[in-house]
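The values are calculated or read from the model by the stated rules, or taken from the named source; none is laboratory data. All figures in this text were calculated on a predicted structure; none of them were measured in a lab. Glycine also receives a Cβ, built like all others from the backbone with ideal geometry; neighbour counts cover every protein chain displayed. Accessible surface is based on the protein model in full, side chains and every heavy atom, while ligands, DNA and RNA are left aside. Shrake-Rupley method; radii C 1.70, N 1.55, O 1.52, S 1.80 Å.
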Amino acid sequence: MKFIFPKNFNFKNKLFGVIDYSTIFVNLIWFAFILLLVSIFFKDLTLKLFFVIIFCFPFLLISISGFNGENFLYVFRYMVSFALKQRLYFYIKK
């Protein structure tokens, strides 16, 4: 069976066709950081589980669902650069 891909087809490597590998790497770093902090501050298992779900699950959902096929890291970078370089322009209509 032969498959013909057009030349302008953008092939992105994804794990199970869902999430980019760079996003997985950032997710793992974030999860490890949260697990480290939670394990230091809390001893009760239910509190640990609660805080891990609260801080990790939304980030995982956003990175899986994405923003119209865009990588989550690119969208986050655009949002941060907009927040830092935000300008307000006033134009006078005549």
Q: Describe numerically, in nm with one decimal, the distance between label points set 7 Å from Cα along Cα→Cβ at ASN68 and at VAL26.
A: 1.8
Q. Given a 1.4 Å probe and the protein chains all in place, what does the accessible area of ARG77 round to, in Å² to the nearest 10?
A. 140
Q) So what does PHE42 come to for accessible area, using a 1.4 Å probe and Å² rounded to 10? A) 60
Q. Accessible surface of PHE41 in the full protein assembly, 1.4 angstrom probe, to the nearest 10 Å²?
A. 150
Q. Which FRET efficiency, nearest 0.05, do LYS14 and TYR78 yield, Cβ-Cβ r, R0 30 Å?
A. 0.90
